[in-house]
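The structure appears right after this line, and notes come after that.
The values are calculated or read from the model by the stated rules, or taken from the named source; none is laboratory data. Predicted model only: the values in this text are computed from it and were never measured. Every residue, glycine among them, receives a Cβ derived from its backbone with ideal geometry; neighbour counts consider all protein chains shown. The accessibility values were calculated without ligands, DNA or RNA, using every heavy atom of the protein model including side chains. Shrake-Rupley method; radii C 1.70, N 1.55, O 1.52, S 1.80 Å.
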Amino acid sequence: MLPNCYKLNNETIYSMIFFNFLDKHNIGYALGGGGARGFAHLGALKALEERNLEPDIIAGTSAGALAGVLYADGFAPDEICDMFKDTKFKQFVELTFPTSGIFRPTGLHNFLKKNLRAKTFGQLQLPFIAVATDWEKASTVNFSKGNKLIESVVASCCVPLIFSPIEIDGQHYVDGGIFKNLPASTIRDKCNIIFGVNVSTIMPSEEKNNLKYIAERTFNMMSISNTLPDKKLCDVLIEVEGIEKYWMFDLSHIDSIFEAGYNSTVEKLKERKATSTVIRSKRFKLLNFKNPI
C-alpha cells in the first residue's frame, strides 16, 4: 500500500489524462507505401477533407511520403493528381549502370524541386514525417526536421534494386517500406486519433522472370507483411480495394486509382466504429486549444 501522500485522487488522474490529451495533435494521417497505388491516398485525402477531417500531422512511407509532403505543402488532392497527369515512369528516373540499382531517381528529385514550395520541413504547412530505411544500419529512420526535405522524400521512395540508395549527410537510405510500410507507430504517441490508409495489396502473379518484376513482387510481399502491427494502431484503417491489378510504376491509371481511394474511404467512414471515431475527433477538436507546432 502506498502512503496517503503518494495516492492520486480521481481529480488528479483526470487532470493528467486531460493535459496529456492537450499535448497531442488531434488527427494524424499514416499514409503507406505502394508505388503508383499511392494515388489512392489522394482520393482518401479528398474524402476526409470533405468531412472536415484535416490532419494535424502526417507520416508517410514511400508513395505515402510523396503524397503526404505535397499535401503538407498546401496542395489539394486534385492539384497533386494533375501534376502527374500525362507523365511516364521514365520521366522520374535515370538509367544507371546496375551496381546498386537499375535507376537513379533523378527525375523524382527534379519534380519535387520544381513543384514543392517548401524547401525545408519547417516551411511546410503541417508537421510531416518521411519514413526511410538506413541501408547500413538496417533500421527505420524518421525525417521530420532540417533542410533535407526533398532528399528525405526521395529516399523514402527508393525501392531497393530498382533505385540506387540516396545519400544524406554521409549515410545511405532506401525505401521506408522495408520495415515500416504503414507508419502508424511513427505518430501513435503524437496524436489522439490516427487515420491509416493502406494501399499495399498483393500483386497478381505473372510468368515473368525479369529483374524489375522479381524485385517489385518481392518488395510487395515483404512490405505487406510488416504492415500488420501498424494496422492495429490505427483508429480508422482505410484498406483501399480494387487496386491490386495496378503495378507499382504504372502511371496510366491515376484517375481510377484516385477514385478507388475515394470510394473506399467513403465506405469506411459509414461503418459504426469509424463514425464513432469521427464524432470523437470533432469533440477533441473543440477541446484542443493548443497552438499548432
Item checked: In Hz, Karplus ³J(HN,Hα) per residue of the stretch 60-68 (6.51, -1.76, 1.60; θ = phi - 60°; x = Gly, Pro) -> x, 10, 6, 4, x, 5, 5, 5, x
Next item on the list: With θ set to phi - 60°, apply the Karplus curve 6.51 cos²θ - 1.76 cosθ + 1.60 along the stretch 28-42 and write out the HN-Hα couplings as whole Hz, x wherever there is a Gly or Pro.
Entry: x, 10, 10, 10, x, x, x, x, 4, 5, x, 5, 5, 4, 5
Item checked: Nearest-10 value in Å² for the accessible area of residue 189, using the 1.4 Å probe -> 100 Å²
Note to self: Tell me which GluC sites (Glu not before Pro) from the stretch 216-259 have a DSSP coil assignment and no more than 11 other beta carbons within 10 Å of their own.
What the structure shows: none
Checklist line | Karplus (6.51, -1.76, 1.60) ³J(HN,Hα), θ = phi - 60°, over the stretch 173-182, in Hz, Gly and Pro reported as x | finding: 10, 9, 3, x, x, 4, 10, 9, 7, 10
Check: So what's the gap between the Cα centers of the stretch 116-192 and the stretch 258-275, to the nearest angstrom?
Finding: 27 Å
Notebook entry, point to check: Using mean Cβ contacts within 10 Å as the protection proxy, how do 71-78, 165-172 order, highest first?
Noted result: 71-78, 165-172
Item checked: Set 190/232; 24/114; 231/282; 85/285; 114/145 screened for pairs whose C-alpha atoms are more than 26 Å apart -> 24/114; 85/285
